[in-house]
Amino acid sequence: MKKSDYLSKKLETIEVGSKSVSELLRAMSNTGFQGKQLGNALDVWEAMASDPKVTIFMGYAGSMSTTGQWKMIKWLIEHRYIDVLVSTGANISEDIFEAMGNKYYQGTHTADDADLLKNQIDRFYDVYADEMDYRRLEGLIREFIEKKAEKGLSYSSAQFLHEFGKFQEDRKIHSISAAAYKEGVPIFSPGMADSGYGVAAFQAFKNGVSLDVNQFKDFYQLGRIGEESKDTAVVYVGGGVPKDTIQLVTIMVDLSRGGETVYPHKYAIQLTADSPQWGGLSGCTFEEAVSWGKIGEKAKRAVCYCDATIALPLLVHGLNERLGGKKRKPAQDFAWMWKD
């Protein structure tokens, strides 16, 4: 490359003034470091949401719903800026906690945890929750399991959560899964038992009730979604199992079509605080994913190394401004999943 090629795109210093969130992120995209990546991430999300042929997957990792993030996920589902959610069990139970009318409280990470235990207060870094309220959440899930359990009936996690969403909506509990039920958006949770769902299932089992959630069925349904997609896009909040599950969709599509051609994601965004050098998927770069055929070599992509509680609110508000809050027409109908 020539020197002029390297010095072809000027950095633009941010001027102080009246700006919307979207305008600020656009200005940040012309700077450097993670501010630039956050601005680029909004551009990529706007592009994928404006593409009528793309199915958008979101990976929602960790325990983010306790930190005031869950209503933004619900909004994204309601506006179809995501088509498929793959989540930890924590994120799609701890939103219900608040949707039931319970409260989270601001606290401190330097609290006396032995004293919190005496007071039956659970701590999520600097967020508190009443353990007795948490048990009522688990009781709601157990009630649903005991109501739906039928001998020989097997659910995928998406089918389980679809039915659970209806159960909540009927009780005016307006959670992420209730919104997904109304919109026909599937939520998969490959690690669902590692949360209040597992505790509730244990309690139901002790009461003589067992309900079968088949995680292999998840992959059949995810693979079919990939097969029926013209193109796919991903938004990862964190990494972990939700990210790997969505990345594997491309492999399933490749294998189902003969294993000779890759079908990578066309757009990709990740918000992560993990580093790539430890070898884990949470910090794995999209460039590495190109070698697997999971992310397209020419895909529009951005990785922002940032706490998601900072980055996600800025992106979602910026997206709302860019797209005017209009509901997106989905590229795919998942009605077949609820009939299976």
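Readers should treat all values here as calculations from the given coordinates under stated rules, not as data from a laboratory. The structure presented is a predicted model; accordingly, all values stated were derived computationally and were not measured. Neighbour counts run over all protein chains shown; Cβ positions are idealised from the backbone, glycine included.
Structure notes:
- Cα-based values for the stretch 45-183, radius of gyration first and Dmax second, are 16.8, 54 Å.
- P(r) of the stretch 246-288 over all Cα-Cα pairs, binned every 10 Å from zero, in whole percent: 25, 43, 27, 5
- Each residue, Lys9 and Leu153, gets one label point 7 Å from its Cα in the Cβ direction; the gap between the two is 5.3 nm.
- Pair-distance profile P(r), taking every C-alpha pair of the stretch 73-149, with 10 angstrom steps and integer %: 16, 37, 32, 13, 2
- In this calculation the C-beta distance from Lys339 to Trp278 is compared with R0 = 25 Å, giving a FRET efficiency of 0.05.
- Only the Cβ atoms of Lys and Arg (+1) and of Asp and Glu (-1) were treated as charged; on that basis the dipole of the chain about its Cα centre amounts to roughly 1020 debye.
- Within the same chain, aspartates and glutamates fewer than 8 places from Lys19 are excluded, and of the rest, those with a Cα less than 18 Å from its Cα are Asp43, Glu321.
- Within the stretch 90-129, the proportion of C-alpha pairs whose separation exceeds 17 Å stands at 32%.
- Cα convex hull volume per residue for the stretch 10-62 (Å³): 113
- Its relative contact order, with pairs defined as Cα atoms under 8 Å and 6+ residues apart, puts the stretch 100-192 at 20 percent.
- Sequence-distant lysines (8 or more away, or on other chains) whose Cα lies within less than 16 Å of Lys182: Lys71, Lys74, Lys166, Lys172, Lys327, Lys329, Lys339
- Value of [θ]222 nm, deg cm²/dmol, for the chain, DSSP H segments ≥ 4, -39500 (n - 2.57) each, nearest 500: -14000 deg cm²/dmol
- Ranked packing of 318-330, 54-66, 218-230, most packed first, by mean Cβ within 10 Å: 54-66, 218-230, 318-330
- Geometric descriptor of the stretch 112-169, per residue, is 120 Å³ (volume of the convex hull of the Cα atoms).
- Selection from Ser175, Ala41, Leu140, by position along the positive dipole direction of the chain (Cβ): Ala41
- With bins 5 Å wide beginning at 0, the percent of Cα pairs of the stretch 295-340 falling in each bin runs 5, 14, 12, 15, 20, 18, 11, 5, 0.
- Sorting 142-151, 84-93, 32-41 by average packing, meaning the other beta carbons within 10 Å per residue, from highest down gives 84-93, 32-41, 142-151.
- Its residue count N sets the reference 2.2 N^0.38 Å, and the alpha-carbon radius of gyration of the chain equals 1.04 times that reference.
- Spin-label proximity, Asn30 to the stretch 280-316 - amide N less than 14 Å from point 7 Å beyond Cα toward beta carbon: none
- From the largest down, the stretch 148-268 spans 50, 29, 25 angstrom on the principal axes of its Cα atoms.
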